[in-house]
Each structure stands twice: as structure tokens, then as C-alpha cells.
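Let me begin by presenting the structure, written as C-alpha cells, before commenting on it.
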């Protein structure tokens, strides 16, 4: 007799979604997390008194709306802001604005404008195909299984419905990099780099890195998952985490926060539960890990508990990041040259050209600090003033590219990097430095420590074709099961991967129920 | 150990000066990158030395890995398919190891030299696989392939010869036992192991003493008709005795590039080496599945009618081709025509009657022979001396 049907490691969004679906199906589920706030990457924290920052993800752009409906997250208090335009800041203050299928400003010519519409249309058709695969368990190609065959048939049908040119384009671009694809479609440097930014967020890839078309299309699935455009969660990302926690509890799942799982217990040849940092053990018929594959297999289960080939694959699993976060508490709304106050609520990016992205990437590869960073900025207090004291504001920015462990060390590196980032911002927002009341720089190694993401990778492992679909995280541990009996995955390290999307958690629960594992 | 002074691509073993001097036929082969004799003077006479007196075979090219450290036993238990704890100190165990798909990577012997001190003697180079297996275990792996060289000293008079060499009380050593001696100031390890199915030993020593060991062995063994053995004679003996050979009877899983060409322990007749009572070992999950769902092939030893070795033959059941031969030989002592075959399931169970399609030629004249054959359930050559302790006097 076990304590629970399933114990889920990690109260991140996928863990909570998985718990909700399982609990809804009448299963006895416990979710355990070392953090005191639920949500994982969808969480908030008061980083300085009165300022409630979304401390990991800041945008919601591809959250699967079927989950919102299935779990009635709106009823649990989830509220999203309006779809945002992306404004690519230019040094001469003639900014480039991407809104839906329209692009304007910064001297973008009609040819590029038309090309942008066509590009969006193409991406939409490709992303639609991917969504077919995303809402199902990834089909294995070699095993003759009807569920997988059906998914492949649907995919085949949709491929067939693409025009000949589209199909040819898809086959051609899906394996290459976003840099080449941008150059094929556009001539405006900032337009190219603004689109390319979506291909690299949370990774350590540059636009010229292989697989960046795949990671771009991954982001583009949002529209087919029912979400049009980038939004912010009202109340901060933590509000999503809380809504998911409330929902899981409402359906009967038990949440245990503030005590980390220290080990996955294996008795004989199967996983039987977990041991907590407190020494307490929880037994369950199955253990579902929302932790990333490396943490799950290497740190919690231990290489000595699995067959050697699996340990080898875990070691080869790529999970690095060049993404940092900058949090600024501001005494007043900053001024960005060339932007109205209302425009400050949009998504602001600083990414002058794709070459500037590559130039920012290069020093990171050699564990050095870059000299010109790429910013993805949110001033959430414009749309949601409650996140900061009255009249005050907060700026958060996703910053590329920052090394995991610079040679100069973070003690010396952080103040230097912080100064530099403020200087770089000052060029677009003169006087912003003087408004800063408090600041925080969260580097990839901080994310690894605070959110348990190996290498600080936001996707729980690089989202590349060799680590995607029926190969995510790696062969032998796919379709949410692992090569170890009783151990399942429900996090971003499982299909379809990262971003606040919720599908790994949802799909994992469905697969576990379908298999009759409980 | 290598003699690279002549810029040869093939290496030579530390016994080479002596081997070369005795290799009357000058018939050389390439065994795992080393120059090794196919035959010294006459294959059949060499074979009969193994069966009647003592044959000496240079084992030096075999790979040797030392595994030590607090987790040595746990490490090996995860690596190989049998229960390592059943191998006592100063004992040797035959073992196979599989990849995660339950496909055999290699076979070899595990020497337990101390509580947490083992030596793996493998056919294939295994540095990479052994290193990957270290993840999560507190062990040290040392490649001792060149630090330890070996001779197989096999045959009815082998115990006597080695006793004369100074291995006192060797006749008390049980099969798969290890005894330690000193030879010319160097550690000499003797294990009662071998590849011939008869009384026999393997002698292990640092390379510096290789030539002296060879000289003294042949000196004391002279009256007992000690002879050097090439790989052809050994091949006859091992087929007769029922031993599989990597790269011949199965392809090491890591070397295989074509789908479906690897084999599981069950498909090689080695299920007795697989211990599912262990909760974890490489290949366990896959092998459990295979056990439940059935294997693709069966390893069969065939007693073939006639005296034409069924080399490379197709095996037929009626008109249907159901298998192929991997090793075949006319076995002189057993006076039987033996073949090892991979037979598709469900054929090839003991007693099954099949046909070997043999092609042979005499003076460019090819003949096709359909030789009836029968699956036998045990090796054809059985020597009681192999298992007797004390080792019987010649």
C-alpha cells in the first residue's frame, strides 16, 4: 500500500497541470517542491519591498488554451493582459513596430512589409503542423502502434494539404538556421534580428546556430494553441502558478512546498517513491518528475540506478543557457526616446541586427562578458500597476548572452555586468539609471540554483531537432515514460519542450492514464 | 609491449622473439592488431598436443582491465549479466556484457583478485564502454592490457609441466581458481581457465619476464611433449569444446552498423549467464521483454553427417532456409563434424533435424552437398579432467 498513486517532483506549471489532470481523473496525487511558491518558472517574488517581479519567465505567448478551459483556470483567477506589439528599439529613435502581421517604422519598405505578411503566413502553416504533434504524445516511428500511427496519419494528411512550394520550403528550412532564413526573406536588418530573437530566448544559441528554425517554429505554435501574441499575466507570472496550484488542490491533489525532493527511491527494479531533504519518504505507485532530465536522472535517481546507456545519454543531453534576467525597481516611469507612455506597455526589444546578436554570443562561448547585449524588455507596471508601489514602476528584461560561469567569477562579474547593462539601456532610455531604486541580476547559474534548471536552460534542455519529438529527452525515455520502471517525466524536458506552455504536463497525465500506470 | 622499431603496422607481443623462432611454417595472422601465428608446424599435430600433452598459446593480445575501488563489485554487477557476488576471491567467472538493448557486446572472464579488486579479460577493446559505465560509481579502471601478458598452457600434462616450473600444489587448484606464485622475482598468476575444454591453465606475468617464462616452460615441458599452438589449432579445440568466439559466432553489439545483426544472450545459448534476480544490469529491461515476447534466433550446435565441415553453410528445414553456420570443423577427438548455427525461431531446438547446404571444392571442382544434421544439446567434447580436483596426473 503506497501513500499516493503518484508523486510529482516539482510544482512548476507542468507539474501542477499534470497533477490536476490526474487528480481530476480520481488519482491520489502529491506534488512536492523545494520552493515555497508554486509555479516554477511561472512564479513571482518580491525582489525588493513592494516590487513583485516575475522572476523567471516574463511573457506568456504559447500557453495551451485547452488547458485553461479543461482546468477552468480563469475561474481560478487567471487573467491575461492584452496582446502586445513588439517594438524593436533603434538608436535613432525611429523604432520598428511588429504588430500582428503588420510591420512599420524604421524605414521598413513595402517589399519587406509584404514579405513579413507572407512569412507569417508560412510560419503559421508550419506551426500548425507542429501543433498536431504537440497535442499528442510524440509518435515513435518504428513501433507499430495505432495511437502513433494515427498521429502520423494526421500529420501526413496535413503535410499533404500544404502546397508543393510550402512542403518544399518546410523540408528545406526546418533543419537550418534562422539567420539564413531571415536573409532569404527580408532586407531590413532590425526586422531580421527582431524575428530571430524569438528563436533563441532561453537558449545559448545564436541566429546562426543550427536548429534555430525549429526553436522559432516552436515559439510560433502559440497561435495554434489558442493564444494570439505575447501577453503578460495580470498579477505577474506567480498568479499563473497560484491559479494552477489552487486548481490542483481543488481537484484533490496535495501540495507540499518548501521541502525539496533529495532522491528518487528505487527498490529492486522499480521506482517506489521519493526521499525529501527532511529525510521523510513518500511512497507512490509511480514518480513523475517535472525536474529537467539531468536533474532527474543524474541527481535524484543517480547513474548507478540505471543502465549505463541511459547514463551516457543523460551526460550527452545538452542543457546550457546564455540567458540572464535583469530586474529594476524604478521610482518613476522611465522615458524611452521615441516612445509614448502607452507604448511602454508593449514588448520592447533591443536587437540591432543579427550580426550584433552573434557578436554578443561570441564572448559567452569563451566564458567572457559581452559588450553589447540583446534585451527583451517588459515594463509590466504600465498595464498592471499593482505590481509596484503606487506611482513606481518595474522593468524586467531577458538579456542575451551571458555566460554560465565567466572566468572572472560572478562576484566581480555581476556588478560589472549590471553597470554595463544599465549603460546600454541608458542609450535608449536616457535618465533610467537615476530612477533605479533597486536592481537584481539573475544569471544562468542563478537560475540553475533557484529553479533547478540544469545549465540555466529555460527549456530544460536545448530545444533542437535531435532532442525533440520522439527523441525528447533521448531515445529510450520518450512518450513521458523513462527506461526506469515507475518513473515518468512531465516537464519541459519531455515532448513538446519548453516555454510556459503546459503541454508536457497535460500530455504526460493523459499518457499515464491511458497506459493504466495507476 | 610493442616492437615499433621496424615501423610495422601490426604489433608484436613480448613473446614474439620466441614465437618467431618456433614458427616453422612462418604462417602469420592478424589477431586484434598483433602478429600472431596461424600455425607453427602442423595444425593437426598442434591440435593433438592440446588433447594429448600440452599446448601453449600466446594470449597477450587479449584486453585486460583492472577494476578497483569501493564500488568495484557493484560496478561489475551492473556491467555484466551474471551475479558477480558469486565469484569468490581468487576465482574466475565467465561473463558476457550487453548494451541497453540487451545485445551482447563481448564475452570474457572476470578475475576476482581481492574484495573490491577485479580484472576483466575481454576480447574486444572496452575502454570507452567501461569508462561510460563508471558514471555514478566510485571505481578506478586501469587498462592493463600491456602490463600483463599471458600464455594459455592447456592439455593433459599441463599441470605437471607448470608444477615443474615451480607452481607447487597446482594440482589442488579447482577449475576457475586462481593461484599466485613468484617467478624470477616477478608475480606469476595462474588461473585454471581456458578455451579448450580440457585440463588447462592460463599463466599471467609482467611483460619483462615473458621470454624467460617461455624458455623455462619449454625447457621443463620438453619431456612432456609441450608444443606451441597457433590460432587454427585453437579454433578446432574451441569448436569441439563448445566455446563461442566474438566476431565469429556473434558480432559485438558496438561494432555492428546494420540493423538486426546483433544478438542477445538468449540467441547465443547463454541464458545461463543472465541473472534476472539482480535488480539492475545493462540490458535487463530489454532482455525481460525478449523473454516475454520471444527471441528472433536460437544458437544451435549441429552434428553434421559426413566429414565436410559445414563452413558458411545455409541451414535448411525442408525447402526453407532457416539459418546460417558461424563456425564449423571436423573435430578429430570427438570424431564428429560440428557446426554452430544461428537458427531462426522456432527451429533449432535440441533434437531438431535440419539440413546443411555445404559447398566444397576439390581441384576447382565444386560440389554441393545436402548434409542432414541434428541439433545437439551439449558440446561434443567432454573431458572429465577439466573438472577434476586434484588435477589428474597424466
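Worth a mention:
- Flag if residue B:75 is away from every other protein chain (no Cβ under 14 Å), touching a strand residue (DSSP E or B) at 6+ places or on another chain (Cβ under 7 Å) and in contact (Cβ under 8 Å) with a residue 60 or more places away in the chain: no
- Condition check for residue A:487: touching a residue at least 12 places away in the same chain (Cβ under 8 Å), crowded, with 24+ Cβ neighbours inside 10 Å, over 16 Å from the mean Cα position of the chain (by Cα) and within 14 Å of chain B (Cβ to nearest Cβ): yes
- Among the residues of segment A:392-409, none qualifies, meaning not one is over 21 Å from the mean Cα position of the chain (by Cα), more than 14 Å from chain B (Cβ to nearest Cβ), within 24 Å of residue A:190 (Cα to Cα) and buried (at least 20 other Cβ atoms within 10 Å of the Cβ).
- Unique match (being touching a strand residue (DSSP E or B) at 6+ places or on another chain (Cβ under 8 Å) and surrounded by fewer than 22 Cβ atoms within 10 Å (Cβ to Cβ)) among B:36, B:54, B:68, B:13: B:68
- Annotation note: of A:62, A:113, A:58, the sole residue that is assigned to a loop (DSSP other than H, G, I, E, B) and at pLDDT 95 or above is A:58.
- Here segment B:290-313 is the region considered, the condition is being within 19 Å of residue B:235 (Cβ to Cβ) and over 24 Å from the mean Cα position of the chain (by Cα), and the residue that is surrounded by the most Cβ atoms within 10 Å (Cβ to Cβ) is B:308.
- Condition check for residue A:449: within 20 Å of the chain's Cα centre (by Cα) and more than 19 Å from residue A:17 (Cβ to Cβ): yes
- The set of residues in segment A:1-28 that are outside any loop (DSSP other than H, G, I, E, B) and without any contact (Cβ under 8 Å) to a residue 12 or more places away in the chain is empty.
- Some residue of segment A:221-234 being within 14 Å of another protein chain (Cβ to nearest Cβ), touching a residue at least 40 places away in the same chain (Cβ under 8 Å) and part of a strand (DSSP E or B): no
- The numbered conditions (1) outside any helix (DSSP H, G or I); (2) over 24 Å from the mean Cα position of the chain (by Cα) are all true for residue A:439 except (2).
- With respect to the conditions (1) surrounded by 16 or more Cβ atoms within 10 Å (Cβ to Cβ); (2) not in a helix (DSSP H, G or I), residue A:142 falls short on a single one, namely (1).
- Which listed residue, of A:385, A:389, is away from chain B (no Cβ under 14 Å), without any contact (Cβ under 8 Å) to a residue 24 or more places away in the chain and touching a strand residue (DSSP E or B) at 6+ places or on another chain (Cβ under 9 Å): A:385
- The lone exception for residue B:241 - which of (1) closer than 29 Å to residue B:57 by Cα; (2) touching a strand residue (DSSP E or B) at 6+ places or on another chain (Cβ under 7 Å); (3) away from chain A (no Cβ under 14 Å); (4) buried (at least 17 other Cβ atoms within 10 Å of the Cβ) it fails: (2)
- Once segment A:301-315 is narrowed to residues that are over 21 Å from the mean Cα position of the chain (by Cα) and more than 8 Å from chain B (Cβ to nearest Cβ), the residue that is farthest from residue A:462 (Cα to Cα) is A:301.
- For segment A:214-242, the set of residues classified as surrounded by 24 or more Cβ atoms within 10 Å (Cβ to Cβ), at pLDDT 95 or above and more than 20 Å from residue A:84 (Cβ to Cβ) consists of A:241 only.
- Counted residues, segment B:270-288 - those being assigned to a loop (DSSP other than H, G, I, E, B), within 11 Å of chain A (Cβ to nearest Cβ), touching a strand residue (DSSP E or B) at 6+ places or on another chain (Cβ under 8 Å) and more than 19 Å from residue B:134 (Cα to Cα): 0
- Residues being part of a strand (DSSP E or B) and either in contact with a strand residue (DSSP E or B) (Cβ under 9 Å, 6 or more places away or on another chain) or modelled with pLDDT under 95 (or both) - total across segment A:65-107: 11
- Just one residue in the set B:212, B:262 is within 14 Å of chain A (Cβ to nearest Cβ) and at pLDDT 95 or above; that residue is B:262.
- Condition check for residue B:97: part of a strand (DSSP E or B), touching a helix residue (DSSP H, G or I) at 6+ places or on another chain (Cβ under 6 Å) and either without any contact (Cβ under 8 Å) to a residue 40 or more places away in the chain or within 14 Å of chain A (Cβ to nearest Cβ) (or both): yes
- Leading residue by the ranking (nearest to residue B:187 (Cα to Cα)) among those in segment B:115-159 that are out of contact with any strand residue (DSSP E or B) (no Cβ under 8 Å at 6 or more places or on another chain) and more than 14 Å from chain A (Cβ to nearest Cβ): B:146
- One residue stands out in segment B:78-94 among those that are more than 12 Å from chain A (Cβ to nearest Cβ) and in a strand (DSSP E or B): the one that is farthest from residue B:272 (Cα to Cα), namely B:91.
- Subset of segment B:289-303 [in contact with a helix residue (DSSP H, G or I) (Cβ under 8 Å, 6 or more places away or on another chain) and within 14 Å of chain A (Cβ to nearest Cβ)]: B:291
- Among strands (runs of 3 or more DSSP E) entirely within segment A:243-295, having at least 1 residues that are within 14 Å of chain B (Cβ to nearest Cβ) and surrounded by 17 or more Cβ atoms within 10 Å (Cβ to Cβ) singles out A:261-267, A:270-276.
- In segment A:339-365, residue surrounded by the fewest Cβ atoms within 10 Å (Cβ to Cβ) [restricted to those that are part of a loop (DSSP other than H, G, I, E, B) and in contact (Cβ under 8 Å) with a residue 12 or more places away in the chain]: A:341
The values are calculated or read from the model by the stated rules, or taken from the named source; none is laboratory data. The structure presented is a predicted model; accordingly, all values stated were derived computationally and were not measured. Cβ sites come from the backbone with ideal geometry, for glycine too, and all protein chains shown count toward neighbours.
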